[in-house]
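Reading through the structure tokens given below for one structure.
Readers should treat all values here as calculations from the given coordinates under stated rules, not as data from a laboratory. Just so we're clear, the structure is a prediction, and the values are computed from it rather than from any experiment.
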Amino acid sequence: MSIPTLKNLNIVQTVVDWLDERVPVKAAVEFAGHKEVPVHKHSIWYYMGGIAALFMGIQFATGFLLMFHYVPTFEGAYASVQAINMQVPFGWLIRSMHSWGANVFILVLFIHMFSTYFMKAYRAPREFTWLSGLGLVGIAMVFGFTGYMLPMDEIAYFATKVGVDVAGESPFIGPYLAEFVRGGSEIGQVTMNRFFTLHVIALPLAMMGLFGLHATLIQLQGISEPESIQKLPKAERKYEKFFPDFIKKDVFVWFAVFVGFMLLVTMRPFGLGPQVDPAAMAPIGIKPEWYFLSQFQALKLFPAKILFFDGVHVAMVFIGTVFGSLAVVPILDSTGKIPFISKFATVYGVIFLIGWLFLTIWGSL
Amino acid sequence: MTTEQDSSKTNESQNNPQGGYDLDSPEVSFSRRAFFGGMIALGGGLWALLVGGTPILSFLWPKKSEVVTVTEMTFEKNLKDFPVGESKNFMFGSIPALLIHDTNGKLSVFNAKCSHLGCTVGYQKDKDVIYCACHGGTYDPNTGKNIAGPPPAPLKPLVADVAADGTITIKIA
């Protein structure tokens, strides 16, 4: 690097050059400039991943703020959330953003997941991108489950009870697993310590790590095009530059979504149920959050006994297999060269989606 | 590289027409080294897992806790103030319990933990059943038997003794 004379000193250029000698900024900018995003009639689904990332950011930021006022004790948690909602300036806003944000985050993740599934973006060489995305959905659900308990209202208590007991019905390790998760035989302070630590330390780290992998893979492999677009002659396929063209639109979409989200958050602030009374009967009509409704409805439908097996065990195996199939079916279809499997994957996806919607709506009634 | 590999392949097929491995060829001795290297790595990994995992898992493993901290307690109400059809959810030590003055005039008392997935059950006077709101399990209020829905087993019974003055004592069965 030549020492600039006063005459030709360009501060920006000098700083960039200085930085580039230490960190490969120019290479990164060039890389972003070369990256192209396909433009076609299904392009709208490409925004879902970015929206999901936006909500991940909202969750991290609001969660971090909530920790300054939340008290993670079995006795004090409810009062602290009540104080956040009623006394802390703008506490209601931060809490509402966090609780609504969790719901919207998971909804966007589901849309992102199903859209990539039906566009068959999981095909080679993107199998790990799919699996890491599936892992992120899983982590988001555990986030939801552990976060659910923290306000210690009625639904928190019974949802945790049922969730842990469901884990306890897993074959072989079930009882040990339930005992381990609960930290004893009953839900109490130890359970709260475990859920809180998972929710604020372990899961964020896991999510950031897996998201890092997911995003890196997308950068390395570029954005997948649906089969119908791949078939088109090269001249008919359109692309735009990721930087700055796509990013500009992405920022606009983020802004629009954020405004809509803030309307929801402020017009319908997230409430808090009555404080839990461990002696009292589970309240009539108690239901988990919507993203667990399909499993909830399935657990209700299985009878006490099926042949020689406990119904709940059969239900567990059923639910586990159905959700596990989301990791298996795309891998079977990863080459995309076997028409039967390709068709099967599409039909399976449709059946899965309809079944899931059906059980979710039924469970909510 | 390519030529070397090709030549060793030719050697292998010449030495061993059946297609098996020639243990003396340089390729195989490399494989043996890789095998032992792999075993050492695996063994080392398992060792590290054991040495690191044992204290961490033991640290996190919950203490043994008593399921029932009491064996006997006096119920908060006298029988005189607890008429037929009345029911009450209460804590019996660390477990939720349910006392019902049932339609036969008998006192029934159960561990109120649903045998399905552990929610707390309650008495529904209008339907004369014990009901779990989580997944719709239903039990007979006189016997605790599971009669509808997903619960696989009856409720666990407790015992209610009534003294001459109407004091109700709850005991483990």
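In this structure, the pairs whose alpha-carbon distance is over 24 Å, taken from B:Lys64/B:Lys145; A:Lys305/B:Lys113; A:Lys300/B:Lys77, are B:Lys64/B:Lys145; A:Lys300/B:Lys77. Measuring max minus min along each principal axis, the C-alpha atoms of region A:64-156 give extents of 52, 24, 22 Å (largest first). In order along region A:19-26, the phi-based Karplus estimate (6.51 cos²θ - 1.76 cosθ + 1.60, θ = phi - 60°) of 3J(HN,Hα) comes to 5, 5, 5, 9, 10, x, 5, 4 Hz; Gly and Pro are listed as x. The tail of the calculated P(r) for region B:72-172, taken as Cα-Cα distances beyond 23 Å, holds 20 percent of the pairs. Computed over region A:1-155, the Cα gyration tensor eigenvalues convert (square root of 5λ each) into semi-axes of 40, 28, 13 Å, ordered from largest to smallest.
Summed over qualifying helices (DSSP H, 4 residues or more, each -39500 (n - 2.57)) and divided by its residue number, chain A shows a 222 nm mean residue ellipticity of -21500 deg cm²/dmol. Once the Cα atoms are used to define both axes, helix A:47-66 deviates from the longest principal axis of chain A by about 60 degrees.
Computed over chain A with a Gaussian network model linking Cα atoms closer than 10 Å, the most mobile of A:Thr116, A:Thr266, A:Thr73 is A:Thr266.
Computed over the Cα atoms of region A:110-212, the ratio of the radius of gyration to the Kirkwood radius (Rg/Rh) comes to 1.06. Taking the square roots of five times each eigenvalue of the Cα gyration tensor of region A:40-277, the equivalent ellipsoid has semi-axes of 37, 23, 13 Å, listed largest first. For region A:17-108, the fraction of C-alpha pairs farther apart than 21 angstrom is 57 percent. Helix A:91-118 versus the longest principal axis of chain A: what angle, 0 to 90°, nearest 10, using Cα atoms? Compared with the principal axis, the helix lies near 70 degrees. Highest mobility in the GNM of chain A, judged by mean-square fluctuation with C-alpha springs under 10 Å and restricted to A:Ile284, A:Ile351, A:Ile319, is found for A:Ile284. Between A:Phe64, A:Phe105, A:Phe211, the Gaussian network model of chain A with springs among Cα atoms under 10 angstrom shows the greatest mean-square fluctuation at A:Phe64. Translational diffusion of region A:207-318, estimated by Stokes-Einstein from the Kirkwood radius over alpha carbon pairs at 25 °C in a medium of 0.890 mPa s, is 119 µm² per second. Which value results for Rg/Rh of region A:287-365 when Rg is the Cα radius of gyration and Rh the Kirkwood radius based on the inverse mean 1/r? For region A:287-365, the value is 1.07. The spacing between region A:296-348 and region B:62-139, judged by their C-alpha centroids, is 37 Å.
Taking a straight Cα-Cα cut-off under 13 Å and skipping sequence neighbours fewer than 8 places away in the same chain, the aspartates and glutamates within cross-link reach of A:Lys337 are A:Glu227. Expressed in units of 2.2 N^0.38 Å, where N is the residue count, the Cα radius of gyration of the protein assembly as shown is 1.26.
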